[in-house]
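Just below is one structure, and these are the notes that go with it.
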Amino acid sequence: MSRELLTYDAALEIMRGAIHPTKRTERLALENAVGRIIATDLHAEGDNPRFDNSGVDGYAISCAEDGLEGAVLVLSDSVSAGSQSLTRIEKGTAVRIFTGAPTPPGTWGIVMQEDVSLNGGRIQISRMVSQGDFIRRAGADFQFGKLLMKSGTRIDPSNVPLLAFNGEVRPPVFVRPKVAVISTGDEIVSSADIPSGPQIRDTNGPMLAALTGSVLGNWPEIVLVRDNRQEVVDAIWRASELSDVVILSGGASVGDRDFVASVLQQIGHIHFHGVKIRPGKPVLFGQVGASFVFGLPGNPASSYVCFELFVREALLRLTGALEPPLRWWPMRLGFDHKAMGRDDFVRARMQDGILQSAGEQGSFGIISPAEAEFLIRFPVDQDLYSGDTCLAAALG
Ligand code: AMP
Ligand code: MG
């Protein structure tokens, strides 16, 4: 890696060029479709509201004169949500109406029940009514044919009502990619085991599985592999046959016991290896057959940042999602930062509207990912100071 390293932006472009959004779709029951990416443009199949209706419990009246303060009106009918009054309101009369009920023909305005006094079969208006008061018009929210969801949008609880409105109870969604997670390293034991001597527990595997789960909804299997060339070959082979994406951690650099890059060169193809970022400089992206392979550095914070910088977007693209996950916004910085000659990604927290560093930033740490709410992107060659504006993205 002595050659000039790619910039983050250049590496992202290479990845986007290599990974095309999927076209494969399936239909799922709505309850199973939440979190998935819709594979069709959803157009409103009617107006919302469907009909003019009352926004309050009150009385529907037929003309301006009947809405004057002091007017006395005879009650002629009553209509509640789910029922309908089909006779026209006559001048001098009022129809009792409840929230959500269709307005009777001839409704000019509605007076709230709090603004009348009731006396036998009559009401007296105590506050003037204006035309259209408390009538919720058909189509005020949206009209027939409106684009409610674009293909490529994630189905979230907040847009489930749009699908339900259309009666779309089995929406078409894009098929999800299959993912494999491989932790490499002679020192690594399963997080279920007790480390002894120079061993450490695998923290990257569960983290990468969980991060993958946050995109796809399920945890992939985690495989542990020694720093042994043949083991790495076998593991990548097997994983790439079964999965659309293989995420490795460790062994991505160029040390004597780092095999991921050379193995990938041998059995597949490398799109990029090494990016001018911190942490995560040795990050590697390649392919074996149709399966995409990420080699993330073993340092946990590096693995974490590289997942957020590259892998999350790759997985989203493979689920058909249109939007890149990281959106960089100007935010107020609460500490000084010296330029590093690389894009420097700092895990940060928001305190009183100002971004502060989230704990130990060394790439060996696992506290900073746990505490971070935002990732700050410090520019390659510009020092920033407390009080300056920086670019930061909310973490997924
Ligand atoms: P490597 O990228 O293999 O050179 O590893 C860099 C550092 O990350 C070393 O200190 C490793 O022990 C550590 N590391 C590698 N893999 C993992 C893992 N799965 N969980 C926790 N730490 C790891
Ligand atoms: Mg290693």
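A few remarks follow.
- Percent of Cα-Cα distances greater than 16 Å, calculated over the stretch 53-136: 38 percent
- Solvent exposure of the stretch 329-394 amounts to 51 Å² per residue of accessible area, where only protein heavy atoms count and the probe is 1.4 Å.
- Estimated 222 nm signal from helices in the chain, with DSSP H stretches of n ≥ 4 weighted -39500 (n - 2.57), rounded to 500: -5000 deg cm²/dmol
- Applying a DSSP loop filter and a limit of 14 other Cβ atoms within 10 Å to the GluC sites (Glu not before Pro) in the stretch 292-396 leaves Glu360, Glu373.
- Low-density loop cleavage sites - GluC sites (Glu not before Pro) in the stretch 52-150, where at most 14 other Cβ are within 10 Å (DSSP): Glu69
- In a reduced charge model with +1 at each Lys and Arg Cβ and -1 at each Asp and Glu Cβ, the chain shows a dipole moment near 700 debye about its Cα centre.
- Relative contact order, whole percent, for the chain stands at 16, derived from Cα pairs under 8 Å and 6 or more residues apart.
- Solvent-accessible area, 1.4 Å probe, carbon plus sulfur percent, for the stretch 53-136: 47 percent
- Structural descriptor for the stretch 53-136: relative contact order 41 percent, calculated from alpha carbon pairs under 8 angstrom and at least 6 residues apart.
- Selection among Val346, Gly334, Gln382 by position relative to the dipole of the stretch 329-394 gives Val346 as farthest towards the positive end (Cβ unit charges, Cα centre).
- Rg over Rh, two decimals, the stretch 329-394 (C-alpha only, Kirkwood Rh): 0.93
- Taking Lys and Arg as +1 and Asp and Glu as -1, the other residues whose beta-carbon sits under 12 Å from that of Gly67 total -3.
- Largest-first principal axis extents, alpha carbons of the chain, Å: 94, 49, 41
- Calculated FRET efficiency, Gln266 to Asp383, Cβ-Cβ distance, R0 = 56 Å: about 0.85 to the nearest 0.05.
- Temperature 37 °C, viscosity 0.692 mPa s: under these conditions the Stokes-Einstein estimate for the stretch 117-187, based on its Kirkwood radius over C-alpha pairs, is 177 µm² per second.
- Computed on the Cα atoms alone, the convex hull of the stretch 118-243 gives a volume of 256 cubic angstrom per residue.
The values are calculated or read from the model by the stated rules, or taken from the named source; none is laboratory data. Note that the structure is predicted; figures quoted are calculated from it, not measured. A quick note on method: Cβ atoms are made from the backbone with ideal geometry, for glycine too, and the neighbour counts reach across all protein chains shown. Surface areas here come from the heavy atoms of the whole protein model, side chains and all, with no ligands, DNA or RNA. Shrake-Rupley method; radii C 1.70, N 1.55, O 1.52, S 1.80 Å.
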